[in-house]
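S.K.: First, the structure itself, so that you have it in front of you.
The values are calculated or read from the model by the stated rules, or taken from the named source; none is laboratory data. Every value quoted in this text rests on a predicted model; they were computed, and no experiment measured them. Cβ coordinates were reconstructed from backbone atoms using ideal geometry, including for glycine residues, and neighbour counts include every protein chain displayed. Note: areas computed on protein heavy atoms with side chains; ligands, DNA, RNA excluded. Shrake-Rupley method; radii C 1.70, N 1.55, O 1.52, S 1.80 Å.
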Amino acid sequence: MAALAPLRSLEEEVTCSICLDYLRDPVTIDCGHVFCRSCTTDVRPTSGGRPVCPLCKKPFKKENIRPVWQLASLVENIERLKVDKGRQPGEVAREQQDTRLCERHQEKLHYYCEDDGKLLCVMCRESREHRPHSAVLVEKAAQPHRKKLQDQRQCIVAEFEQGHQFLREREQRLLDQLAKLEQELTEGREKYKTRGVGELARLALVISELEGKAQQPAAELMQDTRDFLNRYPRKKFWIGKPIARVVKKRTGEFSDRLLSLQRGLREFQGKLLRDLEYKTVSVTLDPQSASGYLQLSEDWKCVTYSGLYQSAYLYPQQFDCEPGVLGSKGFTWGKVYWEVEVEREGWSEDEEEGDEEEEGEEEEEEEEAGYGDGYDDWETDEDEESLGDEEEEEEEEEEEEVLESCMVGVARDSVKRKGDLSLRPEDGVWALRLSSAGIWANTSPEAELFPALRPRRVGIALDYEGGTVTFTNAESQELIYTFTATFTRRLLPFLWLKWPGTRLLLRP
């Protein structure tokens, strides 16, 4: 009890006479009495035009109000002392560690300097450096930012709720269409089954009657031969289609919608992955790491392949046998994104679409001409030999196409650069290999990939802490492939090019 008396006395000394609470942002007026700053603003002027002190009734000028920083610190210490008496020692120590103190004065940071954008203690606020500046309490300075964050939070929740609602509606609509298709298929199956059972019963009755007729004597059988054809007319067995053409068409359309949904979701996921989680960075190539088979542009953003080794300088970090090059900037943390454009002569989607249309027209012409009716043409030994030669030539062409390719991705800064390299994840390289024949992930063994569109611009998203390297089609936002690993060293952009007539350009 004796220990509490001095604390109560101190509390009385730091209590505002107006609000009867602890002094908040204490200020002194002309007469020397101290009040909360907010309480002095509530004091109304008298008939003389000046406000008067609530205690001594002396008039004072509001422009003469001065802060009392020492009392603000004293109030804080009293509150801390009062709270600490009801806490365990370990809790007090943890709170002291969490509290940020001024490095210069070891006082709590109460104020925020709007001119310098720094947190200040009461001593810093009264210093010559910050006295002419505009300083406000930290909590007051944080209020606009808290409100802005709250508004942004509400906007994010609203946007995602709209997206969820849209997807739920589309999901229900597709499920309703699928249920309707299932019902139509069931009804068609039952109708087909009923019609077939009836037809079988009719045929069974006809067979039974004919078998009975066959057992009759010749004289009796010949009596009604003229009426035989009328009683048993030739009638084909009913062969219906178990699935109506309309239902089959709708089923195909539904499959197309499902594929479109899958593609759209992949593109949507890829776009959000890039725009919301990753920071787009501008990367350049390191000329000292470039192989002599490669030529770099002056801005170190573009690389082309040369069949002749043209480098006159040998650097320790240079690739010698493999036509590879690394980026000049590495990453050891964070989520970053950049793009690599594959520019090749005559490589366009328009040509691909034209080829596909021509192939489709040829197939239709073959069907109209009667091809594909189930009959096989006989082949002679000479034809078999010629086919074998053509297959060997095709295999040789495929091997040549595999050799002409490029790789885009990331590599460890310690990746081996001398001699023949395998360029696999276990060697410190995570990349895609692209060629005219297709796309592969450089796993061991290589994994062939089948994106909806051939990417002409590849997006590379590196999540260092998450341990992922994700590749997307930067134009359609389709996800192509994701590597997972644990990164412990600096990672660099990596390009490998052995494809004449092709350029790799870094974007942006």
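S.K.: Is there a residue in region 189-197 that is in a helix (DSSP H, G or I), touching a Phe, Trp or Tyr at 6+ places or on another chain (Cβ under 9 Å), open to solvent by less than 90 Å² (accessible area, probe 1.4 Å) and without any contact (Cβ under 8 Å) to a residue 60 or more places away in the chain?
M.R.: Yes, region 189-197 contains a residue that is in a helix (DSSP H, G or I), touching a Phe, Trp or Tyr at 6+ places or on another chain (Cβ under 9 Å), open to solvent by less than 90 Å² (accessible area, probe 1.4 Å) and without any contact (Cβ under 8 Å) to a residue 60 or more places away in the chain.
S.K.: Criterion first (crowded, with 20+ Cβ neighbours inside 10 Å, at pLDDT 90 or above and closer than 30 Å to residue 259 by Cα) does residue 455 satisfy it?
M.R.: So residue 455 passes the test.
S.K.: Let me ask something else. Looking at 448, 475, which one is in contact with a strand residue (DSSP E or B) (Cβ under 8 Å, 6 or more places away or on another chain), in a loop (DSSP other than H, G, I, E, B), among the acidic types (Asp, Glu) and open to solvent by 10 Å² or more (accessible area, probe 1.4 Å)?
M.R.: Testing whether each residue is in contact with a strand residue (DSSP E or B) (Cβ under 8 Å, 6 or more places away or on another chain), in a loop (DSSP other than H, G, I, E, B), among the acidic types (Asp, Glu) and open to solvent by 10 Å² or more (accessible area, probe 1.4 Å) leaves just 475.
S.K.: Can you go through 267, 322 and tell me which one is buried (at least 16 other Cβ atoms within 10 Å of the Cβ), part of a helix (DSSP H, G or I), of a type in the set (Asp, Glu) and in contact (Cβ under 8 Å) with a residue 12 or more places away in the chain?
M.R.: 267
S.K.: Then there is this: Sort out which residues of region 37-62 are in a strand (DSSP E or B) and open to solvent by 40 Å² or more (accessible area, probe 1.4 Å), and write them in order of number.
M.R.: Once the filter is applied, which keeps residues that are in a strand (DSSP E or B) and open to solvent by 40 Å² or more (accessible area, probe 1.4 Å), region 37-62 yields 45, 59.
S.K.: Another question, if that's okay. Anything in region 105-143 that is surrounded by 13 or more Cβ atoms within 10 Å (Cβ to Cβ), hydroxyl-bearing (Ser, Thr, Tyr) and over 13 Å from residue 69 (Cα atoms)? List them, or say none.
M.R.: Within region 105-143, 112 is the sole residue that qualifies.
S.K.: A further question on this structure: For region 10-36, enumerate the residues that are exposed (fewer than 15 other Cβ atoms within 10 Å of the Cβ) and under 55 Å from the mean Cα position of the chain (by Cα).
M.R.: Hits for region 10-36 are 19, 21.
S.K.: In the set 437, 461, 485, which member is touching a helix residue (DSSP H, G or I) at 6+ places or on another chain (Cβ under 8 Å), surrounded by 21 or more Cβ atoms within 10 Å (Cβ to Cβ) and of a type in the set (Gly, Ala, Ser)?
M.R.: Checking each option against the conditions leaves just 461.
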